[in-house]
Amino acid sequence: MRDQKDLRLVVALSVLCAVLALLIPVDGVALVFAAPLALFLPGYSITAAAFARRNLEWPQLLLLSIALSLTTLVLGSLLLNYVGGIHPLSWAVLLLLVVLGTCRAAALRRGDSGTAPRRARVRLRGLETAMLLGAAAVTVAALVLGFSTVPAEDAVGYSQLWVLPAAGSGGSEAQVGVRSQQQTSVDFDLRVKVGTRRLVKRSFRLAPGETHLLRLRAPPGARGTVPVTATLLRHNRPFSVYRRVKGSLVASQEPR
Amino acid sequence: MARPKSTTGYLAPIALTAGIGLLICSFANTLAREAADPPSLLFWAGVLIIALPIFYRLTSREASRGERLALVCLLGLSLYAVKVVRDVPLFSFSDELVHAFNADQIASHHHLFRYNPILPVTPNYPGLEGATSALMTLSGVSSYAAGIIVVGAARLSLVIGLFLLFTRISGSPRIAGLAVAIYAGNFNFFFWGAQFSYESIALPLFVVVLMAVAERDRSPREWAREWAVPIVLGIAAIVVTHHLTSYAVAVFLAGLAVVYWALRRDWSWPNPWRYAILAAALAIAWLLLVASSTLGYLGPVISEAFEAIFNTASGDAPPRGLFQGKGSSIPDTPILARGVALLGVALLGVGVLFGLKRFWERYRKEPYALIFALASIAFFATLLLRLAPAAWETGNRLSEYLFVGLAFIAALSGLQNWRPSKWPWLGRASLTAALGVVLVGGAIAGWPWDLQLASPIRAGAEGRTISSGPLALAEWAEHNIPEDERFAASTADARMLMAPGERVAFAGKTPDIQDILEETSFSGWELPLLREEEIRYVVTDRREISSDATRGYDFSIRGDEPELMPLATVTKFAELPGAKRIYSSGDISVYELGQGK
């Protein structure tokens, strides 16, 4: 009797993973479905097709499922480069085609005599299960600790100052930005000279990682390219220039 | 009714201790990110807590094949996780940033073979980034998240592939498990081989091809066609992924074919000469048709290596000191760590000597075993390359291929079978300790001592996050500078601009950005060169360490401030007509060059 439950399961899982990976807008959740679709199922189905007439042992099956999935991704990206481009949909379609095609080939090659690969049988006692769950929990804790941002009090803080044409203004406005990478909140004085006469002053406090943005236009009557000079000072050192940058903006040609 | 016997042996408690070891390593890295004194002993204790129980169990007679396989998987993945917790959530190895840029380019432009300004050869081998793009595009995650999963899958393939290969050749899962444990002591296993780089996926595929050829050899002839599928797909994927590994697989298969012939005087099945020709043909075709720039990339490396060997051997140049970095500011490797690394090599030497004896007695008619024996001897020859300044890297890279053979031969040494009547556990305990020394020693020999632990790139302050200068520059560029604009920057800043900044940044000698940034005045050729390369933004960084691709990414640490280049290296750009300093963060400034004629 044909034993093709594994192939049906692989096809169903592949379709489910492809659809959910494409539809779920949350990256981390979509990854839960994209990972088996990309890193296991194509390799399993290729292995099932190639070794349809013999019982492959589970270690070989496991290895080939992962390794042939990797080769599918490597060679598949090359194919997509010339056919359709590398997009979410094209990847999903390609991987589904690989799985469907090779599962079909596996089913045909297995025929009446072929059997599905044998699965490893694992029996766990209660204590073992608890220890494996503990291992998983500790591993997650290690990863969370790795992900966490910790204070580094000896790291030397600083601040960024920049001037750029404001986005979407076509150069008629300048954006001056200050971002604090200091260890503590700091009071700043920002002085921006636009052209030769206009001076804009701002005083503000920035917490670590906080940004202050200032958008400026050319003074009335200005023509052509107008220089912009931004100077940043700290309250605790008011007579010492902390940062200075220079930019420009284009005076708009407004009718009088 | 009798309770069912566990099928997993001691896997569960060993997995728990591995998890605890990983947690300790993560804690040590967290302390290092706090810019505290690097807690190296704590870190290595964590590594040994992961590895030693696995090693000890692998030396036993009782463990089943399945348990041994699970243990080597646990070893491979746990040690990979040590590297992952060092860096999350950013790549910080120099090559990782180059490959992450390639992956980001593929995901955003939907095609392979995009341009890479720092390592132009890498887009011509897009296997890793192409595979990563599948996860990136399907799930929307970053190149970092997708990359660590793809490399993790490759790492799993590597250890399973090695175990099955060694089992097939030796006929003993016990020897196979020990051989994988020894392989984990290869200089590049711990750090270099775990990074997001093309070799990290190509080497596992190389091992899978070796395993498949070995399985094919032992299968009935009518099954040979079945094994052709993984062999051919594996070879093709390697050729698309990594130049050196594609040549290595061709050379290995050719060598294997010759050895088959030498031992059996027969070119017919199972002699794998057809696969050797296929691998060579595909590698050459890819080199000539797609990746011809590889010749210009590898040629100088190899010729400089030969020149360095000749100069060192003839006495024209002094030998390179072991454990020495390139700069004077790089801290020395402690004496104890050097001792562990050298002891590890010595133990490998002893293991190979005993292993070769056993090989001669039992395996010398086995083609694979013969190749492995030759590789184990060649490994020690490559150690001499470490004494030649320009050749050490070539030797280092060769070692991870040769180590496959070395691991097998050393595992034949049989120390685990030594059972003195008074202390029957002594053989196993000695081997476990030796494996621990080989693992730690290999990691020390393969990666600079001061880089074993994390360093602060991001930090918490008042409940928020602040970034180091190079990272903050990259984040600023990503949000404020159009994607098609080009930067020139020092080595570290350029890499950060590429990933996570996703901006095109030139660095180094080709084109000669390095001299433009480091000279205190202009000689006339600089601006035309910048114009020719269509570079609009020049990043100046006074920190001398910014030219270091492995160390230049971190916060400056109070009391250990970096050496600075002369101020004129920065201010000279203000003299260029039309150039404006549009960004400043202290040591790092960005000059926008005026419009060219």
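The values are calculated or read from the model by the stated rules, or taken from the named source; none is laboratory data. Keep in mind that this is a model prediction, so the values were computed, not measured. Cβ sites come from the backbone with ideal geometry, for glycine too, and all protein chains shown count toward neighbours.
Between A:LEU39, A:LEU56, A:LEU62, which is in contact with a Ser or Thr (Cβ under 8 Å, 6 or more places away or on another chain), within 26 Å of B:LEU69 (Cα to Cα) and at the interface with another protein chain (Cβ under 8 Å from one of its Cβ atoms)?
Matching residue, one of A:LEU39, A:LEU56, A:LEU62: A:LEU39.
With the condition being away from every other protein chain (no Cβ under 14 Å), I'd like the helices (runs of 4 or more DSSP H) fully within region B:217-313 carrying at least 3 qualifying residues.
It comes to B:243-264, B:273-289.
Taking the conditions exactly as written (in contact with a Leu (Cβ under 7 Å, 6 or more places away or on another chain), of a type in the set (D, E, K, R) and in a helix (DSSP H, G or I)), does B:ARG362 satisfy them or not?
Criteria not met by B:ARG362.
Quick check, is B:PHE93 of a type outside the set (S, T, N, Q) and within 14 Å of another protein chain (Cβ to nearest Cβ)?
no
Would you confirm whether any residue within region B:372-384 is assigned to a loop (DSSP other than H, G, I, E, B) and either over 18 Å from B:ALA337 (Cβ atoms) or touching a residue at least 40 places away in the same chain (Cβ under 8 Å) (or both)?
no
Quick one: is B:SER143 buried (at least 24 other Cβ atoms within 10 Å of the Cβ), at pLDDT 95 or above and at the interface with chain A (Cβ under 10 Å from one of its Cβ atoms)?
In short, no.
Which members of region B:556-575 meet the condition of being in contact (Cβ under 8 Å) with a residue 40 or more places away in the chain and away from chain A (no Cβ under 13 Å)?
Across region B:556-575, the qualifying residues are B:GLU563, B:MET565, B:PRO566, B:ALA568, B:THR569, B:LYS572, B:GLU575.
Restricting to region A:199-245, name every residue that is surrounded by fewer than 18 Cβ atoms within 10 Å (Cβ to Cβ), basic (Lys, Arg) and modelled with pLDDT of 90 or more.
If the condition is that a residue be surrounded by fewer than 18 Cβ atoms within 10 Å (Cβ to Cβ), basic (Lys, Arg) and modelled with pLDDT of 90 or more, then A:LYS201, A:ARG202, A:ARG205, A:ARG215, A:ARG234, A:ARG244 are the ones that fit.
Of the residues that sit in region B:6-43 and are under 10 Å from B:LEU453 (Cα atoms) and of a type outside the set (S, T, N, Q), which one is nearest to the other protein chains (Cβ to nearest Cβ)?
The residue in question is B:ARG33.
Considering only region B:194-216, state which residues are within 9 Å of another protein chain (Cβ to nearest Cβ) and surrounded by fewer than 24 Cβ atoms within 10 Å (Cβ to Cβ).
If the condition is that a residue be within 9 Å of another protein chain (Cβ to nearest Cβ) and surrounded by fewer than 24 Cβ atoms within 10 Å (Cβ to Cβ), then B:GLU215 is the only one that fits.
Quick test for you: out of B:ALA202, B:ALA214, B:ALA248, pick the one residue that is over 25 Å from A:THR102 (Cα atoms) and in contact (Cβ under 8 Å) with a residue 60 or more places away in the chain.
B:ALA248
Test B:ILE118 against the criterion of being modelled with pLDDT under 95 and either in a helix (DSSP H, G or I) or more than 10 Å from chain A (Cβ to nearest Cβ) (or both), and give yes or no.
Against the criterion (modelled with pLDDT under 95 and either in a helix (DSSP H, G or I) or more than 10 Å from chain A (Cβ to nearest Cβ) (or both)), B:ILE118 qualifies.
Have a look at A:ALA135, A:ALA141 and point out the one that is at the interface with chain B (Cβ under 7 Å from one of its Cβ atoms), surrounded by 17 or more Cβ atoms within 10 Å (Cβ to Cβ) and part of a helix (DSSP H, G or I).
A:ALA135
Give me the helices (runs of 4 or more DSSP H) completely within region A:24-101, filtered to those with at least 3 residues that are surrounded by fewer than 23 Cβ atoms within 10 Å (Cβ to Cβ), ordered by residue number.
A:27-39, A:58-82
Just for region B:452-482: of the residues that are surrounded by fewer than 17 Cβ atoms within 10 Å (Cβ to Cβ) and out of contact with any strand residue (DSSP E or B) (no Cβ under 8 Å at 6 or more places or on another chain), which one is farthest from the other protein chains (Cβ to nearest Cβ)?
The qualifying residue farthest from the other protein chains (Cβ to nearest Cβ) is B:GLU478.
Which one of the conditions (1) among the hydrophobic types (A, V, I, L, M, F, W, C); (2) within 11 Å of chain A (Cβ to nearest Cβ); (3) touching a Lys or Arg at 6+ places or on another chain (Cβ under 9 Å) does B:VAL85 fail to meet, given that it meets all the rest?
Single failed check for B:VAL85: (3).
Table: residues versus (1) part of a helix (DSSP H, G or I); (2) crowded, with 21+ Cβ neighbours inside 10 Å.
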position: B:LEU23; (1), (2): yes, yes
position: B:LEU31; (1), (2): yes, no
position: B:ALA35; (1), (2): no, yes
position: B:PRO53; (1), (2): yes, yes
position: B:VAL72; (1), (2): yes, yes
position: B:GLY76; (1), (2): yes, yes
position: B:ALA81; (1), (2): yes, yes
